[in-house]
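The structure under discussion appears below in the form of C-alpha cells.
The values are calculated or read from the model by the stated rules, or taken from the named source; none is laboratory data. Everything quoted here is computed from the prediction, not taken from an experiment. Note: ideal-geometry Cβ built from the backbone for every residue, glycine included; neighbour counts use all protein chains shown. Remember, those area values only see protein heavy atoms, side chains included, never the ligands or the DNA or RNA. Shrake-Rupley method; radii C 1.70, N 1.55, O 1.52, S 1.80 Å.
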Amino acid sequence: MISRYGNVFVLSTKHTTYAFAALESGHLEHLYYGRRIQALLPDMVQMAETYEGPDKEGIPSGAESLFEKHAFVPGTTNQYSPDFQKASLEDMNLEFSSLGKGDIREPFVEILHGDGSFTCDFLFQKAEILNGKKEMKTLPGSYGTEPHSEEGFDEPVGGIPERLSVTLSDENYGLILELDYYVYEWCDVITRCARIINVSQETVRIKRLMSGQLDFDRAGYVLSTFTGAWGREMNRSDIPLQAGKYVNSSLTGCSSNRANPFVMLHPFGATEDTGDVWGMNLVYSGNHAEVAEVTAHGKTRIVWGMNPECFLWELPSGELFEAPEAVMSFSHQGFNGMSRHFHDFVLEHIVRGKWKKKERPILLNSWEVAYFDINEAKLLRLAKAAKQVGIELFVMDDGWFGERNDDTTSLGDWTENKKKLPGGVKGMCEKVNALGLDFGIWVEPEMVNVKSKLYEAHPEWVLQIPDKPHSEGRNQRILDLGREDVQKYVVRSMAKLFASANISYVKWDMNRTMTDVFSQALPAERQGEVYHRYMIGLYRCLRALMKKFPDILFEGCASGGNRFDLGMLCYFPQIWGSDNTDAICRATIQTGYSYGYPLQCVSAHVSGAPNHQTLRTTPLSSRFAVAMFGSFGYELNLCDLGSEEKEAVKKQVELYKEYREMFTHGHFYRGRSFGGGSFAREDAGSGMQYGNSFDSGNVTEWTFVSADGKQAVGMLMQKLMTPNCQYQYFTPKGLLPDALYHFGGQTIKHNIKEFGDLVNTVSPVHIKQGSMLHDLIARFYKMDGESEDYFAYGDSLMYAGVKLSPAFGGTGYDEQVRLFGDFASRIYFMEAVEV
C-alpha cells in the first residue's frame, strides 16, 4: 500500500514501513525503513488536520517524530542555499545523493555536464501513485502477478505492485531524474528503479547512476557480504561498520563469484531468527558495487547498483538511461525472516515461464564422467545406467561440436562432430528419448576460440583491442554482444541448434571474465559503455530465445556461480551454484546462497568420490543429503558403480521423488552452519555460540518445510568427528507449533569395514583387514544403526530440539549408537499426524 500525506510518502507492506518526505527545499529526506509502524496511518493524519499548534509546513503532526531536527549546520559543512540554513545535506538522511551541493558522501548519481561541471541538483517536482509494474526498456526486472491462492498461505500469493513515481528536475542543466518505487506487499519487498532523461540541448555523460540508497541515522551496523572465488562461492563475511567506507564490488564483466550483489545490513547480535535485518540485491548480471559508509556525523549510508568504475555513458539530448532495478526487504525476525521474503519474491516475481513452479527432472550430466572425451557409445551407456536408477533427463555436456577435444578450439562453431555423434545431435537425442529419458545439451554461446571458423571470419566481433596483445581466460575470448550483428548470430545459431532435435534442457555456460574490454564497433569516447552494452545485448538474446523456446528448461552457468544473480534468474529458473561438487564445500556454498536466493534455483549434483575439485572422499549418503536440497541431479559415472552403490543411488532417486513436490514449493530454513569466510556459527553478529563448543563451525542444519507446514525434511551434517563427544541434537524450523509430528530418520545399515580391526573384538573368528573373508562378510552382513522415532509437537521440536542417539565415543557400539564420522550426515523426516 502506498499513501501520501501532503509531501510525506509511506510505502507499507504486511510487516514493514518505508517513509520519506519532499522537503520545502525540494530534497527527499529518508525518514524510516523497518518494522511496520503506525506513525502515519489515516487516524494520525486526521489528528494532524485538527491540530492547531505550531507545525512544519506540509508535514502531518503524526510524522514529526520521524524528522531529524536541525538548528545550525555542523562546523566545516556547507549550506545548500541561503534559504536552507539550518542543515547541511552532508548531515541528512536522503533518498538519493549527488555531488556539488554539500553532500560529500558516496553519491547516487554523478554526471559530467557539457561545461565540465559535476554538480547535480535534482529537486522534487511531482509524484503519482499508480498501479502495475512498468516494463524496463533494456533490462530485465520484477513483474506483477494476479493474486492467487496457494496451499500453506492464509492470504493470496502474488499481486500487482503499487507504484510510486517521483519526478525530480535539475533545472540548471535540463535533466530529469525519475524514481519509481514498487511495493510487493504480500512478501514484504520494495523495489526501486531510476532513470535519467536528458531534456536539454546538450549531450551529457553519466559517470554513475546507482539503483538503491538507504541512509540510516545511526552507526554500529554489520555489513554481511558473500564473497569467494571459483570453487568456493558465497562465503559470508561480516564486516563491522565503524568508520569510513567498505566496498563490495565486481569489475569482471559479470556479477561474479568474487562478490555477489546480495548483501545484508544488521546490528550486532542479529541471529538466524531474531534481530533486525535489511537485505539488498540488484536485478543485474554485470559489474556492480555495494558501498557502505559511516559518516563523520555518525550516520550510515549504503548505495548499490552498477559499478561506476570503467563506466561512462553518453546521453544525447532527448534520450534516457535506466539503471537496474534495486530490491530491498526488512525483517525483525532475523536472517531466516529476511531470507523468506526474498525467497517468496524471487519465486513469484523474478522467475517466470513454464518452469517457474514446475517440478524439475532429475538429471545426469556427462561432464565429470567424461569431460571432452565423449562419443555416442559412451554417452548411451551412461544414459542406460541413468534410466536403470530412475533418472529422468540425460545431459550431454561440452565436447560434442566442432573439433572440441579440449578447451582451445571450436567455441563459436555450433555444428556437431559427426565422428563423435554419427547421427548428430538429432540422432543422439532420439536414442536417448528411446530409452525413456529427456535429452539436454550444453552450450557456451557468448564465447569464441581463436581456433574456430567464427573467429577467422569475424575477428571484429570479439572484445579485444586491435593490434594489441590479448589476455585470455580458459583459452577463449568473448563475443561483443553489444553489437546487433553478433546478437543476431547468437540467436540464429542457438535457435537452429535448439530446433534441430527434441531438446528439453539447455545448460547455458560462460567460462571467463572480461579483459581488454574494447568494442571495435564504438568510437574511443564511448568505450566506457562496453560493459553495460554487453549486458543489454545478452538480455536481448535471452529474451528472444526464451520466447521462441518456452518449453525448454534453461539452466544458467558461469564456471559455477560466477553469474548467479536476479538478472539471470529472470531467464534461467535455475543456476549451477558451483563447479565444486564436494559435499562439505557445497554445504557452505548453498547455505550462502540461501540468504538471498531460494534453493529451488540452485542446481546441485551428487558427484563421484574422491571429489574432482578437492580429492576428498565423502560418503555417498552425505553427497545426496546436500544435493537433494537444491535442484537435484547426478554427475558421476554410474557405469562404474558397484551393485551396492547403484542400488543406493536408486533408493536416493526414489526418496527424492517422494519429496520433490515439497522441495519445489516448500520453504527453506537455516539452523547451525559450517560457515565460511569470517562466519562459522548461527549467531554470527554477536559472537555467541549455541550448543556446546564442539559444534562451533562443525555442524550444518537445514530444514525444508512444505507450504502447509505439515511435512518437513531436515539435514544434519558435520565436518569432523570429535572424540568422546556423544551428545548431539537437531532443531528443525518452520513447523506448525500446535501440530503433532512423527519424527523419524532413515533406516541405517553400516558396512563392517567402517569399524576397521575393531570387528575382531566381537567376531568369533579373526577377520584380516582386506582379506577375501572381510570382503565376503561386508557384502552380505550389515550392522544396524541407530533409530530415531518420536512423536512431538512442533513447538517442542523447534524450541527444545530433538536429543539424538549418542554418537560413537570409543567405548562401545550397539544399534542405539550413532556412528557419525567425518563428513557424516543424517536426513530426518517430520510428518504431521492427526491427534
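The table below lists the values:
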quantity: Within segment 98-117, considering residues that are in contact (Cβ under 8 Å) with a residue 40 or more places away in the chain and either of a type in the set (Lys, Arg) or out of contact with any Phe, Trp or Tyr (no Cβ under 9 Å at 6 or more places or on another chain) (or both), the one nearest to Met306 (Cα to Cα); calculated: Glu106
quantity: Scan of segment 76-87 for residues that are among the small types (Gly, Ala, Ser) and more than 15 Å from Asp217 (Cβ to Cβ), ordered by number; calculated: Ser81
quantity: Residue ID - nearest to Leu599 (Cα to Cα), chosen from residues in segment 728-743 that are surrounded by fewer than 22 Cβ atoms within 10 Å (Cβ to Cβ) and either in contact with a Leu (Cβ under 8 Å, 6 or more places away or on another chain) or modelled with pLDDT under 95 (or both); calculated: Thr731
quantity: Qualifying residue in segment 154-165 (condition: among the hydroxyl-bearing types (Ser, Thr, Tyr) and either open to solvent by less than 40 Å² (accessible area, probe 1.4 Å) or closer than 21 Å to Tyr571 by Cα (or both)); calculated: yes
quantity: Residues located in segment 201-236, provided they are within 16 Å of the chain's Cα centre (by Cα) and among the polar types (S, T, N, Q); calculated: Ser224, Thr225, Thr227, Asn235
quantity: Qualifying residue in segment 174-184 (condition: more than 30 Å from Phe704 (Cβ to Cβ) and of a type in the set (Gly, Ala, Ser)); calculated: yes
quantity: Tally of residues being in a loop (DSSP other than H, G, I, E, B) and open to solvent by 30 Å² or more (accessible area, probe 1.4 Å) across segment 764-790; calculated: 8
quantity: All positions within segment 791-807 that are crowded, with 19+ Cβ neighbours inside 10 Å and of a type in the set (A, V, I, L, M, F, W, C); calculated: Leu797, Met798, Val802, Leu804, Ala807
quantity: Flag for Thr747 being at pLDDT below 95, open to solvent by less than 90 Å² (accessible area, probe 1.4 Å) and β-branched (Val, Ile, Thr); calculated: no
quantity: Tally of residues being crowded, with 21+ Cβ neighbours inside 10 Å and either among the charged types (D, E, K, R) or outside any helix (DSSP H, G or I) (or both) across segment 422-442; calculated: 5
quantity: Any pair with Cβ under 9 angstrom, 6 or more apart, that starts in segment 639-658 at a residue that is under 18 Å from Glu368 (Cα atoms) and ends at one that is assigned to a helix (DSSP H, G or I) and of a type in the set (Phe, Trp, Tyr); calculated: Val649/Phe624
quantity: Some residue of segment 473-480 being touching a residue at least 40 places away in the same chain (Cβ under 8 Å), outside any strand (DSSP E or B) and open to solvent by 20 Å² or more (accessible area, probe 1.4 Å); calculated: yes
quantity: Index of the failed condition, Gln600 passing every other in (1) open to solvent by 10 Å² or more (accessible area, probe 1.4 Å); (2) under 20 Å from Trp367 (Cβ atoms); calculated: (2)
quantity: Wholly within segment 198-305, strands (runs of 3 or more DSSP E) carrying at least 2 residues that are open to solvent by less than 20 Å² (accessible area, probe 1.4 Å) and closer than 25 Å to Phe118 by Cα; calculated: 204-209, 212-216, 244-250, 288-294
quantity: Residue that is surrounded by the most Cβ atoms within 10 Å (Cβ to Cβ) [pool: residues in segment 410-421 that are free of Cβ contacts under 8 Å to residues at least 60 places away in the same chain and over 16 Å from Ala383 (Cβ atoms)]; calculated: Ser410
quantity: Inter-residue pairs, beta-carbon under 8 Å, first under 18 Å from Arg826 (Cβ atoms) and in a loop (DSSP other than H, G, I, E, B) and in segment 791-808, second open to solvent by 60 Å² or more (accessible area, probe 1.4 Å) and among the aromatic types (Phe, Trp, Tyr), 6+ apart; calculated: Pro806/Tyr727
quantity: Pair list, Cβ under 9 Å, 6 or more apart: segment 259-286 residue free of Cβ contacts under 8 Å to residues at least 12 places away in the same chain and of a type outside the set (A, V, I, L, M), other residue open to solvent by less than 10 Å² (accessible area, probe 1.4 Å) and part of a loop (DSSP other than H, G, I, E, B); calculated: none
quantity: Residues of segment 539-567 satisfying the condition of being farther than 24 Å from Arg483 by Cβ and either buried (at least 24 other Cβ atoms within 10 Å of the Cβ) or among the aliphatic types (A, V, I, L, M) (or both); calculated: Ile552, Leu553, Glu555, Gly560, Gly561, Phe564, Leu566
quantity: Qualifying residue in segment 339-353 (condition: part of a strand (DSSP E or B) and either touching a strand residue (DSSP E or B) at 6+ places or on another chain (Cβ under 8 Å) or at pLDDT below 95 (or both)); calculated: no
quantity: Segment 371-393, residues that are open to solvent by less than 10 Å² (accessible area, probe 1.4 Å) and more than 22 Å from Cys601 (Cβ to Cβ); calculated: Ile374, Leu379, Leu382, Ala383, Ala385, Ala386, Val389
quantity: Among the candidates Arg492, Arg512, Arg526, residue that is at negative phi, open to solvent by 10 Å² or more (accessible area, probe 1.4 Å) and without any contact (Cβ under 8 Å) to a residue 12 or more places away in the chain; calculated: Arg492
quantity: Boolean, Glu90 is within 34 Å of the chain's Cα centre (by Cα), assigned to a loop (DSSP other than H, G, I, E, B) and not β-branched (Val, Ile, Thr); calculated: no
quantity: Residues satisfying the stated conditions in segment 99-149, i.e. aliphatic (A, V, I, L, M) and buried (at least 19 other Cβ atoms within 10 Å of the Cβ); calculated: Leu99, Val109, Ile111, Leu139
quantity: Residues located in segment 184-197, provided they are surrounded by fewer than 21 Cβ atoms within 10 Å (Cβ to Cβ) and touching an Asp or Glu at 6+ places or on another chain (Cβ under 6 Å); calculated: Arg195
quantity: Selection within segment 692-710 - polar (S, T, N, Q), touching a Phe, Trp or Tyr at 6+ places or on another chain (Cβ under 8 Å) and buried (at least 16 other Cβ atoms within 10 Å of the Cβ); calculated: Asn698, Thr700, Thr703
quantity: Filtered residues of segment 326-352 (kept if out of contact with any Gly (no Cβ under 8 Å at 6 or more places or on another chain) and of a type in the set (Asp, Glu)); calculated: Asp344
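Here is a yes/no grid of residues against (1) of a type in the set (Asp, Glu); (2) more than 23 Å from Val351 (Cα to Cα); (3) within 26 Å of the chain's Cα centre (by Cα):
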{"site": "Ser500", "(1), (2), (3)": "no, yes, no"}
{"site": "Phe518", "(1), (2), (3)": "no, yes, no"}
{"site": "Val530", "(1), (2), (3)": "no, yes, yes"}
{"site": "Tyr539", "(1), (2), (3)": "no, no, yes"}
{"site": "Met546", "(1), (2), (3)": "no, no, yes"}
